[in-house]
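Input: a single structure, listed below in structure tokens.
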Amino acid sequence: MKILAPSPAELTRGRAATPIAFIRAIVTGYRLRGMDPASALAQAQIPPALLDDPGARVTAAQMELLSGVAMQELDDEALGWFSRRLPWGSYGMLCRASITSPTLEVALKRWCRHHRLLTEDIVFELIMPRAHTPGVATIRVTEHAALGELREFCLVSTLRYLLGYACWLVDSRIALTEAAFPFPAPTHADAYAYLFAGPARFSAESASISFDARYLALPVRRDERALQTMLQRALPLTVLQYRRDRLLVHSVAQLLAAHPAAAHTAEDVAAQLNTSVRTLHRQLKEEGVSLQQLKNEARREHATRLLLQTRKPVKQIAAAVGFDSEKSFARAFRGWTGVAPSAYRPSASAAS
């Protein structure tokens, strides 16, 4: 696969927010292998003298190019973090192993399980909601080997990559309730707010990210073709901070499905989801749907289920899905399915 890289003009364009500590970590990977990083630094337009300035920052494009060159020169996608090298394409293999998952939950479980095929120096685990943390899911990293001076860079990079990949899979921002790290706050701690949108906690027992467990039910929206394109510029795509949050749309659909007969005004729905009417309409519009469309889908699904699985009269089903009369329900149902409610049932006896 041809890997695309930032152009020379892109390298120093934009905000310099990546801490020089992460660049020094890549240089350390070279040193541990007895190799010279000079060429890689030159290609990324990072002066060696910058490494001695603890407050220095570089752009995301410089970080992307340096990482890509280093991975290929070191023949190690892990950049020296682990006790064995991870050949080029290792993380792409993890992506392919999870791209066919039906939901984010299945994809993350596959990722965590298959990462152990690469290394057991660190192990990822998806922890489902517990009694003391209702509604919160956590991806925790357990360290089984000493990561030494590359510890921070390793834990930050792997968690950020996994978070970015998860966001890309479901094409949605995944808002974090917390990002935790098992080391004291570094001097560049302010950069963590950009890498992990949400509260950051240091000196924790282990590295982890936590988020609303409802994200796990979101369907995977990508395919192999999209993956091929993403892997050509994986770093910027996985670091991208998504604005769209599909959880709201998913939550609206769940709320409507739970009570298909209710009126469900925009004000009521927004209040139940702790958001504004304006945000509700904006995010639904971004998804290409309206509240009325979702209400119709919820009513249709509930109506077809009652018609197929019960012997209730059509008049009762009409009321159960929020219609004032059997006639208006029949008109709407014909518009949804092309047939009358009575004709939708598998046999005439079921309509009695």
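Values quoted throughout were computed directly from the atomic coordinates according to the rules given, and no laboratory measurement underlies them. From a predicted model like this one, the values you see are computed outputs, not experimental measurements. Neighbour counts run over all protein chains shown; Cβ positions are idealised from the backbone, glycine included.
Using only the alpha-carbon atoms of the chain, report the extent along each of the three principal axes, biggest first, to the nearest angstrom.
82, 44, 37
Most mobile of Asp190, Asp223, Asp268 per a Gaussian network model of the chain (Cα springs, under 10 Å)?
Judging by the Gaussian network model, the answer is Asp268.
Pulled fully out, how much extra length does the chain show between Thr142 and Arg233, if you take 0.36 nm times their separation in residues and subtract their Cα-Cα distance? Mind showing how you got there, number by number?
Numbers: separation 91, 0.36 × 91 = 32.76 nm, distance 2.84 nm.
That works out to 29.9 nm of additional length.
To the nearest 20 debye, what is the magnitude of the charge dipole of region 87-243 about its Cα centre, counting +1 on the Cβ of each Lys and Arg and -1 on the Cβ of each Asp and Glu?
Numbers: 17 positive and 14 negative charges, 109 e Å.
The dipole magnitude comes to about 520 debye.
Taking amide H atoms as placed 1.01 Å from N in the peptide plane, list the residues 5 or more away in sequence, or in a different chain, whose amide H sits under 5 Å from that of Ala207.
The list, which skips near neighbours in sequence, is Val141.
With axes computed from alpha carbons, what is the tilt in degrees of helix 277-286 against the longest principal axis of the chain, rounded to the nearest 10 within 0 to 90?
80
Just to confirm a number: summing +1 for Lys and Arg and -1 for Asp and Glu over residues other than Ser83 whose beta-carbon lies under 10 angstrom from that of Ser83, what do you get?
On the way: positive: Arg84, Arg85; negative: Glu120, Asp121.
For residues surrounding Ser83, the net value is 0.
Among Leu163, Thr12, Thr187, whose Cα lies farthest out toward the positive end of the dipole of the chain, if unit charges sit on the beta carbon of Lys, Arg (+1) and Asp, Glu (-1)?
Farthest towards the positive end: Leu163.
Given a Förster distance of 45 Å, report the FRET efficiency between Glu224 and Ala343 from their Cβ-Cβ distance, rounded to the nearest 0.05.
Details: r = 40 Å, r/R0 = 0.90.
For R0 = 45 Å, the calculated efficiency reads 0.65.
Go ahead and collect, in residue order, the members of region 43-73 whose backbone nitrogen is under 15 Å from a label point 7 Å along the Cα-Cβ direction of Ala17.
Counting only backbone N, you get 57-64.
Which net charge results for the neighbourhood of Val339, defined as the other residues with beta-carbon distances under 13 angstrom from its beta-carbon, given Lys and Arg at +1 and Asp and Glu at -1? List each step's numbers first, then the result.
On the way: positive: Arg300, Arg331, Arg334, Arg345; negative: none.
Combined, the nearby Lys, Arg, Asp and Glu give +4.
Taking the Cα centre of the chain as origin, work out the dipole magnitude from +1 charges on Lys and Arg Cβ and -1 charges on Asp and Glu Cβ, in debye rounded to 20. Don't skip to the end; give the middle numbers.
Details: 42 positive and 32 negative charges, 346 e Å.
The calculated dipole for the chain is roughly 1660 debye.
Contour minus end-to-end for Asp53 and Ala253, with contour as 0.36 nm per residue of separation and end-to-end as the Cα-Cα distance? Working shown, then result.
Numbers: separation 200, 0.36 × 200 = 72.00 nm, distance 5.13 nm.
Using 0.36 nm per residue and subtracting the Cα-Cα distance, I get 66.9 nm.
Before rounding to the nearest 500, sum -39500 (n - 2.57) across all DSSP H runs of length at least 4 in the chain and divide by the residue total; then give [θ] at 222 nm in deg cm²/dmol. Present the calculation step by step, with values, prior to reporting the outcome.
Numbers: 17 runs with 173 residues, N = 352.
Roughly -14500 deg cm²/dmol at 222 nm, from the helical runs in the chain.
Stretch Asp190-Thr103 to full length: gain in nm at 0.36 nm per residue minus the Cα-Cα span? Please list the in-between numbers first.
Values: separation 87, 0.36 × 87 = 31.32 nm, distance 3.28 nm.
That pair, Asp190 and Thr103, stretches by 28.0 nm at full extension.
If the only charges are +1 at each Lys and Arg Cβ and -1 at each Asp and Glu Cβ, what is the size of the charge dipole of region 1-74 around the Cα centre, to the nearest 20 debye? Kindly include the intermediate steps, with their values, before the conclusion.
Numbers: 7 positive and 6 negative charges, 28 e Å.
The dipole of region 1-74 has a size of about 140 debye.
What does the charge count around Pro37 come to, taking other residues whose C-beta lies under 12 Å from its C-beta (Lys +1, Arg +1, Asp -1, Glu -1)? Before the final figure, lay out each step's value.
On the way: positive: Arg24, Arg31, Arg33; negative: Asp36, Glu73.
Once all neighbours under 12 Å are counted, the net charge is +1.
Each residue of region 31-43 in turn: what ³J(HN,Hα) in whole Hz from Karplus with 6.51, -1.76, 1.60 and θ = phi - 60°, glycine and Pro shown as x?
Running phi through 6.51 cos²θ - 1.76 cosθ + 1.60 with θ = phi - 60° gives 4, 5, 9, x, 10, 9, x, 3, 5, 5, 4, 5, 4 Hz.
What percentage of all Cα-Cα pairs in region 87-243 are separated by more than 27 Å? Don't skip to the end; give the middle numbers.
Numbers: 2254 of 12246 pairs.
More than 27 Å apart: 18 percent of the Cα pairs in region 87-243.
With unit charges on the beta carbons (Lys and Arg positive, Asp and Glu negative) and the dipole taken about the Cα centre of region 94-185, which residue among Ala146, Leu104, Phe124 sits farthest to the positive side?
My answer, from the dipole projection, is Leu104.
Once you have the alpha carbon radius of gyration of region 246-344, what is it after dividing by 2.2 N^0.38 Å, with N set to its residue count?
1.13
Report the antiparallel proportion of the DSSP beta bridges in the chain as a percent, rounded to a multiple of 5. Write out the running numbers ahead of the final one.
Numbers: 21 of 23 bridges.
Among the beta bridges of the chain, antiparallel pairing accounts for roughly 90 percent.
Pop out the Kirkwood hydrodynamic radius of region 3-98 from its pairwise C-alpha distances, inverse of mean 1/r, in Å to one decimal. Intermediate values should be presented prior to the final figure.
Numbers: mean 1/r = 0.0719 Å⁻¹.
Kirkwood radius, region 3-98: 13.9 Å.
Can you list the residues, at least 5 places off or on another chain, whose amide H is less than 5 Å from the amide H of Ile122, using H built in the peptide plane?
Residues meeting the criterion, in which the H sits 1.01 Å from N, are His144.
For region 178-185, what does the Karplus curve 6.51 cos²θ - 1.76 cosθ + 1.60, with θ = phi - 60°, yield as ³J(HN,Hα) per residue in whole Hz, taken in order and with x for Gly and Pro?
5, 10, 10, 9, x, 8, x, 4
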